[in-house]
Amino acid sequence: MSRPENVDELIAVLGRWARIRERLVVTKLRTPDGTVETAAFQCLFELAVGPLRSGELAERLFADPSTVSRHIASLVGLGYVRREADSRDGRATILVLTDSGRRQVEAVRTHRMHGMDSMLGDFSDSDIGNLATLMTRFVDAAEHFAGRVDDDHIITVGSHADAPTHSTTDSDIHDTTDDLAARSRHEKASR
């Protein structure tokens, strides 16, 4: 396959993965203390590394501060996170993982490890290592690319800088990945 064909196939696979991930992100985990959105657990994983201000947590998660605030309110209510005065600035608060929160992080890590191990059952240790290395390179490149997108989330497309621009939206990206995924499935079926 040529490079453009490989890139098209990669975009199609990433589109499929994005849809699966979206479905998984909105699922909930039942804990002994209550039900928690899986997205909220990302807050716990970051706080397991160390206490953070809410704004710092939102930055690390590349998330909207209001979404993080909602997750934190839920996690505080469950007893997984507590708010403390920030020693750097007494007017601010930091978010600290509780012992109960640490236990939940470990329980989710164990659950996630079993799930991934099961999902990767047909992969050799070498395959998993290669996948991790390539995904790390890919995500690093994606972060670099995302850093070039302006604050209005507009990507200029076309051959001339002064040509009319089109604002690329999430919907456009999903339409493109859906189209590429359909094309890829059609090509595979016709082989």
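Annotations for the structure displayed:
- Largest-first principal axis extents, alpha carbons of region 1-91, Å: 59, 33, 22
- Coarse-grained scattering of region 47-162 at q = 0.23 Å⁻¹, given as base-10 log I(q)/I(0) from a Debye sum over alpha-carbon atoms: -1.22
- Based on Cα contacts under 8 Å between residues 6+ apart, region 1-149 shows a relative contact order of 16 percent.
- When peptides 120-126, 58-64 are sorted by average Cβ neighbour count within 10 Å, with the highest value leading, the order is 58-64, 120-126.
- When each of the peptides 96-105, 18-27, 47-56, 3-12 is scored by how many other beta carbons lie within 10 Å of its residues on average, the order from highest to lowest is 96-105, 47-56, 3-12, 18-27.
- Under-5 Å amide H pairs with Thr31, H placed in peptide plane, nonlocal only: Val36
Read-outs throughout are calculated quantities, based only on the coordinates presented, and are distinct from any laboratory measurement. Not measured: the values here are computed from a predicted model. Note: ideal-geometry Cβ built from the backbone for every residue, glycine included; neighbour counts use all protein chains shown.
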